[in-house]
Amino acid sequence: MSKWLVARERKTIQEINRIGDHRDSRRAGWRAVTCGSFIIRDIQEVARARSWKQLQEAYRYVNPVAREILDMRKEAISWLKHTPHHYDGFCLSRWTGAKSHREVNSLCLISGHEGQEIPGLVGFDRVVVDAEHMDQALGPATITEIAEIRRSIGEFVYISTNVSETPQIVRNLRTGRVDSRSTAALTAQKTLAALQAGADIVKIGFANLDINKQDLRSEEVAKQMELVREQVDTPVKSMVMIASRNPQKQFPLVSVFFPEIGIDSNGERPFEIAEKGIRLTAKAGWQGLLIDTYEKFTGKKYKDFYSLHDTQSLAKLAHDHGIELWIAGSISRAEVPALLQCKVDLICFGGAARHASGQRSEGKGNQRDDSIKRPLVEDLVKTFEVHDPRSSSKKDQ
């Protein structure tokens with residue numbers, strides 16, 4: 001019996017070399033990236049039954065040829081100066097009515113950039129690895145962090161990130177009003193940079209703390225969302241940037257709205273905010289809406305703003321509009337089964353992937369522990385697998 005759990009033959013390297021030098025030829029380089037990606041996927045399959053926290057721990061079980069191909073993959077990515085994306089691209093859930101849907105409906109998102117190899121080693125086709133800093137609602141990661149995550153976890157795990165909690169407002173110097181086109185351009189540029197670094201999905205927040213609600217009312221949000229969609233799609237259509245590999249050849253955009261922050265009025269109820277956000281998101285041609293709590297240190301959770309009935313109603317509204325509903329806000333594993341029954345497409349976890357209490361951070365004094373724990377991620381993924389079986393077994397869908 002071979003001691004190698006993952007192995008390749010020398011002929012794979014020979015095939016790459018026949019195309020060209022992977023450090024000097026784009027075709028050979030991308031071939032090396034693809035071959036390396038499939039090796040990482042095979043490692044991730046094997047890792048389900050092991051306790052590895054990093055791919056490096058699997059190398060002793062990977063034969064020398066496969067390890068050489070993994071080195072070629074890294075060299076090719078460095079030479080290409082372009083980080084690859086998910087092998088199949090992001091596909092919507094079956095619940096949205098998408099013709100080309102993914103195998104699982106609900107996804108499990110793990111927030112924070114530390115220890116992000118763990119989700120891929122637990123359930124690479126069920127999880128979304130989220131590159132962000134968790135001290136604020138949408139703390140953006142750096143371009144380097146996103147790229148490093150992609151290099152380490154391969155091309156069979158979705159990577160999401162965000163660019164802001166609220167758009168960077170640009171004003172017309174003559175009128176003092178918001179310049180919609182310029183504001184959208186700034187958002188689109190940040191979005192394209194994140195996509196270029198290897199993200200598959202970008203979340204964009206529309207928090208507006210202006211008590212007079214002058215900057216980001218529904219009409220202005222709608223303008224900006226439509227412009228951002230256009231400005232993200234145009235570089236792909238004009239072949240300035242590589243396209244997603246999904247059937248639409250389009251990178252998904254997910255809007256983020258907050259139950260504490262009204263869109264048109266400070267007095268708007270959480271349900272009204274989410275309902276309005278869904279309609280704006282669908283109209284702009286974005287792929288989903290995330291409801292997330294804005295202030296992370298008040299102790300307020302998702303369930304403090306939305307009941308299960310609310311969640312079910314919002315999920316149906318989103319699906320009727322052909323988009324996904326994502327939710328976040330200190331959600332515990334115990335809450336997952338009921339939320340999946342509401343047909344939520346994605347649930348975000350920060351604290352629940354780090355501590356059994358579900359808290360984002362625990363420790364004594366200055367010793368904080370923010371690391372992702374593999375057993376907790378395993379428990380989350382198992383819960384999703386039980387309560388959202390794969391589409392092949394969905395007789396009622």
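The values are calculated or read from the model by the stated rules, or taken from the named source; none is laboratory data. All figures in this text were calculated on a predicted structure; none of them were measured in a lab. Note that each Cβ is placed from the backbone with ideal geometry, even for glycine, and that neighbours are counted across all protein chains shown. SASA here: full protein model, heavy atoms, side chains in, ligands and nucleic acids out. Shrake-Rupley method; radii C 1.70, N 1.55, O 1.52, S 1.80 Å.
If the condition is being open to solvent by 50 Å² or more (accessible area, probe 1.4 Å) and outside any loop (DSSP other than H, G, I, E, B), then segment 146-193 contributes Glu148, Arg151, Arg171, Arg181, Leu186, Gln189, Lys190. Scanning segment 242-271 for residues that are under 19 Å from Gly205 (Cβ atoms), polar (S, T, N, Q) and outside any strand (DSSP E or B) turns up Ser265, Asn266. Report yes if Val228 is without any contact (Cβ under 8 Å) to a residue 40 or more places away in the chain, surrounded by 17 or more Cβ atoms within 10 Å (Cβ to Cβ), in contact with a Ser or Thr (Cβ under 9 Å, 6 or more places away or on another chain) and under 30 Å from Arg151 (Cβ atoms), otherwise no. Considered against the rule, which asks whether it is without any contact (Cβ under 8 Å) to a residue 40 or more places away in the chain, surrounded by 17 or more Cβ atoms within 10 Å (Cβ to Cβ), in contact with a Ser or Thr (Cβ under 9 Å, 6 or more places away or on another chain) and under 30 Å from Arg151 (Cβ atoms), Val228 comes out as no. The residue that is nearest to Ser244 (Cα to Cα), among those in segment 103-132 that are without any contact (Cβ under 8 Å) to a residue 60 or more places away in the chain and not hydrophobic (A, V, I, L, M, F, W, C), is Asp125. Across segment 1-20, the number of residues qualifying as open to solvent by less than 70 Å² (accessible area, probe 1.4 Å) and either under 25 Å from Arg60 (Cα atoms) or under 33 Å from the mean Cα position of the chain (by Cα) (or both) comes to 6.
Could you run through segment 194-218 and say how many residues are open to solvent by 30 Å² or more (accessible area, probe 1.4 Å) and either at pLDDT 95 or above or among the polar types (S, T, N, Q) (or both)? Counting residues in segment 194-218 that are open to solvent by 30 Å² or more (accessible area, probe 1.4 Å) and either at pLDDT 95 or above or among the polar types (S, T, N, Q) (or both) gives 3. Scanning segment 78-102 for residues that are part of a helix (DSSP H, G or I), in contact (Cβ under 8 Å) with a residue 60 or more places away in the chain and either open to solvent by less than 20 Å² (accessible area, probe 1.4 Å) or out of contact with any Ser or Thr (no Cβ under 7 Å at 6 or more places or on another chain) (or both) yields Trp95, Thr96.
Say whether the condition of being assigned to a loop (DSSP other than H, G, I, E, B), of a type outside the set (Val, Ile, Thr) and modelled with pLDDT of 95 or more is met by at least one residue in segment 131-142. For segment 131-142, residues assigned to a loop (DSSP other than H, G, I, E, B), of a type outside the set (Val, Ile, Thr) and modelled with pLDDT of 95 or more: absent. Within segment 274-301, restricting attention to residues that are touching a Gly at 6+ places or on another chain (Cβ under 6 Å) and free of Cβ contacts under 8 Å to residues at least 40 places away in the same chain, which residue is surrounded by the most Cβ atoms within 10 Å (Cβ to Cβ)? The qualifying residue surrounded by the most Cβ atoms within 10 Å (Cβ to Cβ) is Leu289. Among what's in segment 66-75 and is in contact (Cβ under 8 Å) with a residue 60 or more places away in the chain and closer than 20 Å to Glu148 by Cα, pick the residue that is surrounded by the fewest Cβ atoms within 10 Å (Cβ to Cβ). Looking at the filtered set, the residue picked out is Lys74. Restricting the search to segment 27-78, which residues are aromatic (Phe, Trp, Tyr) and in contact with a Pro (Cβ under 9 Å, 6 or more places away or on another chain)? Within segment 27-78, just Trp30 meets the criteria. Inside segment 32-49, residues that are within 23 Å of Ala147 (Cα to Cα), over 23 Å from the mean Cα position of the chain (by Cα) and surrounded by fewer than 22 Cβ atoms within 10 Å (Cβ to Cβ) make up a count of 1. Taken over segment 51-65, residues that are closer than 28 Å to Val377 by Cα, open to solvent by less than 70 Å² (accessible area, probe 1.4 Å) and part of a helix (DSSP H, G or I) amount to 4.
The set of residues from segment 238-252 being modelled with pLDDT of 90 or more and closer than 15 Å to Ala188 by Cα comprises Gln250, Phe251, Pro252.
Counting only residues that are open to solvent by 20 Å² or more (accessible area, probe 1.4 Å) and touching a residue at least 12 places away in the same chain (Cβ under 8 Å), segment 253-273 holds 6 of them. For Leu308, indicate whether it is modelled with pLDDT of 95 or more and open to solvent by 60 Å² or more (accessible area, probe 1.4 Å). Yes: the conditions hold for Leu308. Comparison of Glu75, Glu114 shows that the only residue that is at pLDDT below 95 and either not in a loop (DSSP other than H, G, I, E, B) or not basic (Lys, Arg) (or both) is Glu114.
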